[in-house]
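Visitor: This is the structure, below, for whatever I ask next.
The values are calculated or read from the model by the stated rules, or taken from the named source; none is laboratory data. Here the structure is a predicted model, which means the values were calculated and not measured. Glycine gets a Cβ as well: all are built from the backbone with ideal geometry, and neighbour counts include every protein chain shown. These area figures cover heavy atoms from the full protein model, side chains too; ligands, DNA and RNA do not enter into them. Shrake-Rupley method; radii C 1.70, N 1.55, O 1.52, S 1.80 Å.
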Amino acid sequence: MMPIRDVVIFPHMMTPFVVGRDASVRALEDALAGDKKIFLATQHDASVDDPSPDEIFQVGTVANIVQSLKLPDGNIKVLVEGVERGKIVSVSDDEGFFRAMVRTAQYKVESGPQLEALTSRVTTLFEQYVKLSQNLNYETMVAATRVDDPSKLADTVGANLQLTIEEKQELLEIFDPADRLARVAEMLDIEIEKLNMDRTIQGRVKRQMERAQKEYYLNEKIKAIQKELGRGEKSEFDELKRKIESAGMPNEAKEKALTELKRLEQMPPMSAESTVSRNYLDWLLAVPWKKKSKEIRELKHAEKVLEEDHYGLEKIKERILEFLAVRRLVKNPKGSILCFVGPPGVGKTSLGMSIAKATGRKFVRMSLGGVRDEAEIRGHRRTYIGALPGQIIQYMKKAGTKNPVFMLDEIDKMSMDFRGDPSAALLEVLDPEQNWMFIDHYLDVEYDLSQVFFIATANVLHTIPAALQDRMEVIRLSGYTELEKLEICKRFLVKKQTESAGLAAKDIEFQDEGLTTLIQSYTREAGVRNLEREVGNVCRKVARKVVGANGKKTAKAVINGAKVQELLGPLKFRDLQSSKKNEVGATTGLAWTEVGGQILTTEATIMEGRGKLTTTGKLGDVMQESAQAAMSYIRSRTHSLGLARDFYRSLDIHLHVPEGAIPKDGPSAGITIATSIISALTGIAVRGDIAMTGEITLRGKVLPIGGVKEKLLAAHRQGIFEALLPKDNEKDLPDIPENIRKEMKLHFVDSMDEVLKLALERPLEALPPIPAVAAGEAPAATPVGEEKPH
């Protein structure tokens, strides 16, 4: 007996192996000297060189030695043919090798339909296995299995399967051919399934490798072509790395960019993830990190530019020049954040462009009207498909410098919904203490906005959240006066519109009278947009006449007041005219509107009744309350006003403010209403050449109001050169144009007594004091509307 390792010899199989161990060589030589029969049994552990009988499997194969060859190194290469199975009965090793007594078993199998079916199944499965296996020759194996003996078939198939030593030993130990054939069929099923799985995986791997090899081949070919074209040998990644190094990014952003570049290098070029990484790197490199516009800090140049582009707006021009002066003195000043608030058409947006021009910076404008998504400001995270940075970063890329003039237009018209509140996102952008480390969700690195000059524009302040208002320096543009509009027309609008209409200086001439008519009677606005349209309208009508002349010489169109009416038709607006006559119960008040000031005549009349106060003229709640306050003041001062104490019991008072269709509100008509009612009750006329405005209290105090400049301009326009204003509004005098201050006589009043002294045609006559009534004496009855006699 010879123990063998790493192989199981089956009956009917020819197997070569090398014999090297001393005991095995002696056993082999002894067998060769005799009948050339040897018992081959596999040992349990192949690593044991000198196994004991217990370390050898009990079932082995009796084999014939067919051929042996001694090798130069002393080993013997031997070819054996298995004959039959055998089981060890006893083993001895007295002669220096194992000698075993073996019991063999002969099984005779009766053929039947079940065995034939099993044989056929094993044959079919083995053919299938051979086709799938790469290691076996199909023709040889199929020929070897064409045998009638099921025992031989089972052993042939078992020997050629890729099984472990344990599985092969298990097959060898099954003596019954039918059982052995059934076990072989099970093993074939498992092995075929394994091969199928291997084949699927191999196919998939092969396809992926083919695609990767194809891409690599094409990329290498592109590089070779580019090299031939002389485009340099530097790869795209080297170029990106060079750009990152030279972009001037902060350390955090630079590290992130280099990390992303490493990831990009390891990705397949055509994968979706590589596109996302590439876009991210492109955005990081596109944003200006260190590039700045060289600022023009010359105040004279800035002043010249601002004067050329805009007439008036002195406060704003002063603020911009102050800003430039500070920048000349401070090395690294923080960016300014201004908010221009004013009605449409006063030049808020164009002023931003002028500031950029005056300071030599780039200008970008972002409209916030209707924006309701927080991601518009901060961008989307890169995890979303099609993600982009927010508008702030996009416009910084557009500007190309880190210190542009950035206009946030219509900041009062932002809204909010379930996607977040964009005005809350702007809190970080517009805070100089925070915006040096602004983080966009897409870039996900800190970006410095502290050198940006932010200018926000709004029509009203009440829709802007208080926290956002607090971060901005609010500058109000109250609208243009008539004189300013006239000057703007002459300097800018007429020239622009005549050129747009294709007219030359010989075709048309605008006179001041014509422009004033356009301003007063055809437009009613704080800005100049509609005025520009009307000037354009006049130019187009003149252009039509010039073209209609068919080349004949036409007289120059001189645009005066009459010509404007001829060209544009009836007047669109008319001012409420002051009669300038002294009338009882009629007082000239002053009102503020979004399109400027206006005079407002307040009328009061009395009639028999029961003390009812009626107000008409579409008055708002605040204005009606002012009328109530004025009435209460009058009733509390009947004696000093020369009125009967119970005058209101037999009288109704009606207060009316024309024009009836126009809504009116606000507290500033308080003294006007009180003066009208007192005039109607006392029968003393109010001066028609004086206008007034101010809020009244129950104690007759006059409180300050707003819109002084516009109100005085309206009075001046109507030819009223005397006005009553609250004492506390004296501080607003510097805002009023110098020509108005010189031409108008302004009275600053503190109480209703002062108002009545100045406004009424003659002084009020107070009633004499009431004497004390003696004890036990009943006061005499007094008729309604009369004072008690003394």
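Visitor: For every other residue with a beta carbon closer than 14 angstrom to the beta carbon of Lys36, add +1 if it is Lys or Arg and -1 if Asp or Glu, then tell me the sum. Intermediate results must be reported in sequence, preceding the final value.
Guide: Values: positive: Lys37; negative: Glu29, Asp30, Asp35, Glu81.
After counting each charged neighbour, the total is -3.
Visitor: I would also like to ask the following. Can you work out ³J(HN,Hα) from phi for every residue in the stretch 32-49, in order, using Karplus 6.51 cos²θ - 1.76 cosθ + 1.60 and θ = phi - 60°, giving whole Hz and x for Gly and Pro?
Guide: For the stretch 32-49, the Karplus curve yields 5, 6, x, 8, 6, 9, 9, 9, 10, 10, 7, 7, 4, 10, 5, 7, 7, 7 Hz.
Visitor: DSSP loop (so not H, G, I, E, B), at most 12 other Cβ within 10 Å: list which trypsin sites (Lys or Arg not before Pro) in the stretch 38-129 pass both filters.
Guide: Lys108
Visitor: Now, a different point. Size of the dipole of the stretch 232-363 about the Cα centre, Lys and Arg at +1 and Asp and Glu at -1 on the beta carbon, nothing else charged, in debye to 20? Walk me through the numbers on the way to the answer.
Guide: Details: 27 positive and 20 negative charges, 104 e Å.
Dipole magnitude for the stretch 232-363 comes out near 500 debye.
Visitor: Rounded to the nearest percent, how much of the accessible area of the stretch 266-318 (1.4 Å probe, protein heavy atoms only) is carbon and sulfur?
Guide: That share works out to 54 percent.
Visitor: Here is a follow-up. Where q = 0.21, 0.24 Å⁻¹, what log10 of I(q)/I(0) comes from the Debye formula for the stretch 648-709, counting one point per Cα?
Guide: Those come out to -1.08, -1.27, one per q.
Visitor: Oh, and also: Give the peptides 494-503, 260-269, 528-537 in descending order of average Cβ contacts within 10 Å, highest first. Don't jump to the answer; show the numbers that get you there.
Guide: Details: 494-503: 16.6, 260-269: 14.3, 528-537: 19.3.
Per-residue Cβ counts within 10 Å, averaged per peptide and sorted highest first, yield 528-537, 494-503, 260-269.
Visitor: Looking at the stretch 404-534, what % of the alpha carbon pairs are farther apart than 22 Å?
Guide: Numbers: 4807 of 8515 pairs.
In whole percent, the long-distance tail amounts to 56.
Visitor: Hey, another quick one. In Å and on Cα atoms, what radius of gyration and Dmax does the stretch 292-417 show?
Guide: Calculated on Cα positions, Rg and Dmax stand at 16.5, 51 Å.
Visitor: What span do the alpha-carbon atoms of the stretch 1-130 cover on each of the three principal axes, reported in whole Å from largest to smallest?
Guide: For the stretch 1-130, the Cα extents along the three principal axes come out at 51, 33, 30 Å.
Visitor: What Kirkwood radius, in Å to one decimal, follows from the Cα pairs of the stretch 155-194?
Guide: Kirkwood radius, the stretch 155-194: 10.1 Å.
Visitor: With the full set of protein chains in place, find how many percent of the accessible area of the stretch 641-772 is carbon and sulfur; take the probe as 1.4 Å.
Guide: For the stretch 641-772, the apolar C and S fraction of the accessible surface comes to 53 percent.
Visitor: Now, a different point. Check each of the trypsin sites (Lys or Arg not before Pro) in the stretch 585-648 and keep only those in coil by DSSP with at most 10 other C-beta atoms within 10 angstrom; list them in order.
Guide: Answer by residue number: Arg610.
Visitor: For the chain, what are Rg and Dmax over the alpha carbons, in angstrom?
Guide: 54.2, 173
Visitor: A further question follows. Taking the Cα centroid of the stretch 419-441 and of the stretch 1-75, what is the distance between the two, rounded to the nearest whole Å?
Guide: Using only Cα atoms to place each centre, the spacing works out to 85 Å.
Visitor: Let me ask something additional. First select every other residue whose beta carbon is under 11 angstrom from the beta carbon of Asp444; then total the charges, Lys and Arg +1, Asp and Glu -1.
Guide: Net local charge, Asp444 excluded: 0.
Visitor: Using the Karplus equation 6.51 cos²θ - 1.76 cosθ + 1.60 (θ = phi - 60°), what ³J(HN,Hα) coupling, rounded to whole Hz, does each residue of the stretch 648-656 give in order, writing x for Gly and Pro?
Guide: Couplings: 6, 5, 10, 10, 10, 10, 10, 10, 9 Hz.
Visitor: Rolling a 1.4 Å sphere over the protein heavy atoms, what is the accessible area per residue of the stretch 515-655, to the nearest Å²? Show your work: numbers first, answer last.
Guide: Working: 7490 Å² over 141 residues.
I get 53 Å² per residue for the stretch 515-655.
Visitor: With +1 on each Lys and Arg Cβ and -1 on each Asp and Glu Cβ, and nothing else charged, work out how big the dipole of the stretch 326-426 is about its Cα centre, in Debye to the nearest 20. Write out the running numbers ahead of the final one.
Guide: Values: 18 positive and 8 negative charges, 162 e Å.
In debye, rounded to 20, the stretch 326-426 gives about 780.
Visitor: Quote the relative contact order of the stretch 361-472 in percent (integer), defining contacts as alpha-carbon pairs under 8 Å separated by 6+ residues.
Guide: With pairs under 8 Å counted, the relative contact order is 33 percent.
Visitor: Moving to a separate point now. How much solvent-accessible surface does Ser52 expose, in Å² to the nearest 10, with a 1.4 Å probe and all protein chains in place?
Guide: 50 Å²
Visitor: Shifting gears a bit: Mind putting together the pair-distance distribution for the stretch 564-703? All Cα pairs, 5 Å bins, whole percent per bin, short to long.
Guide: With a bin width of 5 Å, the distribution comes to 2, 10, 19, 23, 19, 12, 6, 4, 2, 1, 1, 0, 0.
Visitor: Along the positive direction of the dipole of the chain (beta-carbon charges: Lys, Arg +1; Asp, Glu -1; about the Cα centre), which of Phe39, Leu518, Leu321 reaches farthest?
Guide: Value computed over the given set: Leu518.
Visitor: Any idea what the dipole of the chain comes to, in debye rounded to 20, about its Cα centre with Lys/Arg Cβ at +1 and Asp/Glu Cβ at -1? It would help to have the intermediate numbers written out before the result.
Guide: On the way: 112 positive and 116 negative charges, 1040 e Å.
Once rounded to the nearest 20, the dipole reads 5000 debye.
Visitor: If ligands, DNA and RNA are left out, what is the accessible area of Glu761 with a 1.4 Å probe, given in Å² to the nearest 10?
Guide: 110 Å²
Visitor: While we're on this one: If eta is 1.567 mPa s and T is 4 °C, what Stokes-Einstein diffusion coefficient results for the stretch 213-276, Kirkwood Rh from Cα pairs, in µm²/s?
Guide: It diffuses with D of about 97 µm²/s by this estimate.
Visitor: Relative contact order, percent, of the stretch 363-402 when contacts are C-alpha pairs under 8 Å separated by at least 6 residues?
Guide: 39 percent
Visitor: Tell me, what is the per residue accessible area of the stretch 673-768 in Å², probe radius 1.4 Å?
Guide: Accessible area per residue: 42 Å².
Visitor: Going by average Cβ neighbours within 10 Å, how do the peptides 296-308, 160-172 rank, with the highest at the top? List each step's numbers first, then the result.
Guide: Working: 296-308: 15.1, 160-172: 16.6.
Going from most to least packed, we get 160-172, 296-308.
Visitor: A follow-up question, please. Counting Lys +1, Arg +1, Asp -1, Glu -1, what net charge surrounds Lys485 among other residues with beta carbon under 13 Å of its beta carbon?
Guide: Residues near Lys485 contribute -3 overall.
Visitor: Output the antiparallel fraction of DSSP beta bridges having both residues in the chain, as a percent to the nearest 5.
Guide: In the chain, approximately 55 percent of DSSP beta bridges are antiparallel ones.
Visitor: Separate question: So how much accessible area does Tyr216 have, in Å² to the nearest 10, using a 1.4 Å probe?
Guide: Accessible surface of Tyr216 is approximately 150 Å².
Visitor: Moving on. What percentage of the solvent-accessible surface of the stretch 59-104, computed with a 1.4 Å probe over protein heavy atoms, is contributed by carbon and sulfur atoms?
Guide: Values: 1240 of 2590 Å².
Of all accessible area on the stretch 59-104, carbon and sulfur atoms account for 48 percent.
Visitor: Hey, can you rank 735-745, 362-372 by average C-beta count inside 10 Å, highest first?
Guide: Put in order of decreasing packing, that is 362-372, 735-745.
Visitor: Could you work out the pair-distance distribution P(r) of the stretch 366-448 from its alpha-carbon pairs, with 10 angstrom bin width and percents rounded to whole numbers?
Guide: Answer for the stretch 366-448: a P(r) of 18, 53, 28, 1 percent.
Visitor: Using every pair of alpha-carbon atoms in the stretch 503-614, split the distances into 10 Å bins beginning at 0 and state the percent of pairs per bin, rounded to integers.
Guide: 12, 31, 23, 15, 10, 6, 2, 0
Visitor: So, one more: Using the heavy atoms of the protein chains alone and a 1.4 angstrom probe, what is the accessible area of the stretch 60-143 per residue in square angstrom?
Guide: Per residue, the stretch 60-143 has an accessible area of 64 Å².
Visitor: When all alpha-carbon pairs of the stretch 211-322 are counted, what percent fall beyond 22 Å? It would help to have the intermediate numbers written out before the result.
Guide: Values: 3604 of 6216 pairs.
Percent of Cα pairs beyond 22 Å in the stretch 211-322: 58.
Visitor: Would you be so kind as to identify which of Gln624, Ile201, Ser478 lies farthest towards the positive end of the dipole of the chain, taking Lys and Arg as +1 and Asp and Glu as -1 on Cβ and the Cα centre as origin?
Guide: Final value for the positive-end residue is Ser478.
Visitor: Quick one: compute the contact order of the chain, relative version, from alpha carbon pairs under 8 angstrom and 6+ residues apart, as a percent.
Guide: Working: 1336 pairs, mean separation 54.2, N = 790.
Computed value for the chain: 7 percent relative contact order.
Visitor: Ok, one more. So what are the three principal axis dimensions of the stretch 81-167 from its Cα atoms, in whole Å, longest to shortest?
Guide: 49, 34, 21
Visitor: Can you give the convex hull volume per residue for the Cα atoms of the stretch 597-657, as a whole number of Å³?
Guide: Spread over its residues, the Cα hull of the stretch 597-657 gives 99 Å³ apiece.
Visitor: Okay, moving on. From the Cα trace of the stretch 657-768, what convex hull volume per residue do you get, rounded to a whole Å³?
Guide: 116 Å³
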